[in-house]
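Only one structure is covered here, and it is reproduced in the block below.
The values are calculated or read from the model by the stated rules, or taken from the named source; none is laboratory data. All values reported here derive from a predicted model rather than from experimental measurement. For neighbour counting, all protein chains shown are included, and Cβ atoms are generated from backbone atoms with ideal geometry for every residue, glycine included. Surface areas here come from the heavy atoms of the whole protein model, side chains and all, with no ligands, DNA or RNA. Shrake-Rupley method; radii C 1.70, N 1.55, O 1.52, S 1.80 Å.
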Amino acid sequence: MSSLEIKNLHVSTGDKEIVKGVTLTINTGEIHAVMGPNGTGKSTMAKAIAGHPDYIITEGDVLIDGKSILEKESDERAREGIFLAFQYPSEIPGVSIANFLRAAIQARMAEGEEIDASAYYKRLYQKMDLLKIDRKFTARAVNEGFSGGEKKRSEILQMAMLEPRFALMDETDSGLDIDALRIVSDGVNSLRGPNLGILLITHYQRLLSYIVPDHVHVMIDGRIVKSGDKSLALELEARGYDWVKHEFANA
Amino acid sequence: MASSGPVSAPVADLVGAFTPAVFARHINANSTAHAWWLERKRAAYARFESLPMPSRTDEAWRFSTLAGVALGGYAPSPEGAAAATPPALAVESAATLSFVNGRLSGSSPVSADLAKRGVVVSTLSDALARHPGLLREHFMAQPQKLGSAKFAALHEAFIQDGAFIHVPRGVEVDKPIVVVHGASGAGAAVFPHTLVIAEDNSRVTVVDHFVSEGESRQFACGANDLYAGHGARITYAAAQCWSFETLSLQFNSTVVRRDARVQSLNLHLGGRQARHESLSQLQAPGGFSEMLALTIAAGSREYDQRTLQIHQAPNTKSDLLYKNALLDKSRTIFSGLIVVDPDAQKTDAYQSNRNLMLSDDAESNSLPGLEIQANDVRCTHGATSSRIDPEQEFYLKSRGIPPKAADELLIFGFFEEVLSRLESEALHDALRTLIRTRIQS
């Protein structure tokens, strides 16, 4: 078992502090949902953990199995097992999905070691079938001209191929219709297992009826103000965020 | 009194290592050649000697680093010490010719069938004996309009040998003909040449591959002439992989006759300073010239590309797309001109230079131009320079792809638009492999 420890994390962009001291431990095998209204720092936290250069960690630490990853570049963190599923994935013109994933897998191999192309494609097609992605998709440039649903499925496909230890899924449900949401959720559920820890960022309960979390955290104004099990999500759905904000203000 | 007016340059600066004595030795060593050939060489040398070196005020050399084109310290075409045949491109070919320092070092002939149908893949010196008429008609027969008349004259004066490709009327050669031009030895000056004559309704693909043995300082002064007769189709690819210490000057001339089509792709992957001049003349209705180039500029290298698309007849088409990927402290210069003659109505001309900036310290210069004398034409030109979006970069890194591999991926992504225009998948793959090897070196 591995663990991703977020310890008293403070993150700023520009001069503004967005994340104001989050402490959270995710073990492989667990799914943690982080919920909260827009603009409370959920995405900022995920991007900072993945090493985005615009998000500055001013205090605290992030550790994998007790070792800090903050000195590492974002590509090194990815090879350590962090995967960020983007809310708005970038387009990479001219680079096919197949070549993109190949480069990512090659980067995880020892120097001098080469990808077995036929095994690679076999595995790629298997995962694509699972996510109901047309095989012609592999020749298309990464995210270029993709619909919202295709972009999200492509993120899950990458996650399936790269087999991270910890996936940070940033608003994976946004922009998806109900069918796409079901396909994406099925994909995530199929990856669920003892070797993967997931941090699921969302502001709707809807996703959590498809991907059932082990733990639910509520983030407001850069802090986790309440944690509980999946029933907390249902309570939020019924009562909104205001009661938590209120409770927090009175604390 | 301080002198101010123009001062004539000392002769040494004008001719560098290519002195009259050196030229006399070259002529002596080739004294058995055709008299016409030697006469041309003498005339060319006289032109070389008299023409000035490019100066700061030459519009054709604007932005170029003139100090880099100095001609001192080279020895014209020494015999290749090892004379090893350079590695050929990994593509199945119809025939090959390999030269080291301008001397034939190896070849594989065309099939008996193609030979029977009159296809000739030989050296220029062979062609001098057997096809003097064709050589007279097509060898460096077009004007030098892009600034290097002096260096083209140097090329003609010192050329040792080169490739001669002649495809008779109606004959189609499916696989590419591959010509390897090697340079060997420190200080070697080489004058590679490829002449392609595709007669009416013929079809041929020719690949020029320029390679240095080792990483020594060399001077390559090369030319290629492409002639596409009525309805002919030429696909030409050149992979410039000289050493990163080499000064490379290369002149291309393309003549497109009625309903003919020429597609040329120049890959600039080597050299310390490399200048490429490309002239396309659309001489008869229905002619189409597609001019493509891809450059990887890294280190402190300079790539200087000058192009001219001349539409001399109505209903002609030209389409130029030059893409440069710039890294480190490299520089590129693109200067392109479309000229439409008064009676070349219905011309369709396009010119685009795109630069991908992978470094803040790199510099791209674009000088697109139009000179239109007809009134019913469609001409478009443009130049763009774009940086890698930091979000794209983060996206690649977030997948574990290290910066160097990310650059490689982005360069290939950027180049794909051009590479995918090649009809032959085998050639496409071979060039991709070559580009990858050069990026990783």
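Can you name the helices (runs of 4 or more DSSP H) wholly within the stretch A:1-117 that have at least 3 residues being within 21 Å of A:I211 (Cα to Cα)?
On the way: elements: A:42-50, A:74-80, A:97-106.
Once the helices (runs of 4 or more DSSP H) in the stretch A:1-117 are filtered for at least 3 residues that are within 21 Å of A:I211 (Cα to Cα), what remains is A:42-50.
Which one is nearest to A:L4 (Cα to Cα) among residues in the stretch A:150-173 that are within 12 Å of chain B (Cβ to nearest Cβ) and in a loop (DSSP other than H, G, I, E, B)?
Selected residue: A:P164.
Looking only at the stretch A:213-251, count every residue that is touching a helix residue (DSSP H, G or I) at 6+ places or on another chain (Cβ under 6 Å) and assigned to a loop (DSSP other than H, G, I, E, B) and tell me the total.
Residues that pass the stated criteria total 1.
Out of the stretch B:166-180, which residues are surrounded by 22 or more Cβ atoms within 10 Å (Cβ to Cβ) and in a loop (DSSP other than H, G, I, E, B)?
Of everything in the stretch B:166-180, those that are surrounded by 22 or more Cβ atoms within 10 Å (Cβ to Cβ) and in a loop (DSSP other than H, G, I, E, B) turn out to be B:V173, B:P176.
Tell me which residues, restricted to the stretch B:179-212, are over 21 Å from B:V119 (Cα atoms) and either of a type in the set (A, V, I, L, M, F, W, C) or free of Cβ contacts under 8 Å to residues at least 12 places away in the same chain (or both).
Within the stretch B:179-212, B:A183, B:A186, B:A188, B:A189, B:V190, B:F191, B:F210, B:V211 qualify.
Quick check on my filter: what residues within the stretch B:122-144 are closer than 21 Å to B:Y236 by Cα and either open to solvent by 40 Å² or more (accessible area, probe 1.4 Å) or in a helix (DSSP H, G or I) (or both)?
B:L124, B:A127, B:L134, B:L135, B:E137, B:H138, B:A141, B:Q142, B:P143, B:Q144
Of these, B:A163, B:A157, B:A152, B:A183, which one is at pLDDT below 95 and open to solvent by less than 10 Å² (accessible area, probe 1.4 Å)?
Every option except B:A183 fails the conditions.
What number of residues in the stretch A:89-98 are touching a Ser or Thr at 6+ places or on another chain (Cβ under 9 Å) and more than 7 Å from every other protein chain (Cβ to nearest Cβ)?
Of the residues in that region, 3 qualify.
Which pairs turn up if I take residues in the stretch A:173-187 that are at positive phi and look for partners that are modelled with pLDDT under 90 with beta carbon separation below 7 Å, at least 6 apart in sequence or on another chain?
Listed by first residue and then by second, the contacts come to A:G175/A:G148.
Of everything in the stretch A:36-73, what is at positive phi and away from chain B (no Cβ under 14 Å)? Give them in sequence order.
If we filter the stretch A:36-73 for residues that are at positive phi, which is where we start, we get A:36, A:39, A:41, A:51, A:60, A:65-66.
Across the stretch A:36-73, the qualifying residues are A:G36, A:G39, A:G41, A:G60, A:D65, A:G66.
Among the residues of the stretch A:122-150, which ones are crowded, with 16+ Cβ neighbours inside 10 Å and over 18 Å from B:E416 (Cα atoms)?
Answer for the stretch A:122-150, where residues must be crowded, with 16+ Cβ neighbours inside 10 Å and over 18 Å from B:E416 (Cα atoms): A:L124, A:K127, A:M128, A:L130, A:L131, A:I133, A:F146, A:G149, A:E150.
If we scan the stretch B:226-234, do we find a residue that is more than 10 Å from the chain's Cα centre (by Cα), open to solvent by 10 Å² or more (accessible area, probe 1.4 Å) and closer than 28 Å to B:V15 by Cα? Show your work before the answer.
Here is the first cut: in the stretch B:226-234, the ones more than 10 Å from the chain's Cα centre (by Cα) are B:226-234.
Next, from what is left, pick out any that are open to solvent by 10 Å² or more (accessible area, probe 1.4 Å): B:227, B:230-231, B:233.
In the following step, the residues that additionally are closer than 28 Å to B:V15 by Cα were identified as none.
Within the stretch B:226-234, not a single residue is more than 10 Å from the chain's Cα centre (by Cα), open to solvent by 10 Å² or more (accessible area, probe 1.4 Å) and closer than 28 Å to B:V15 by Cα.
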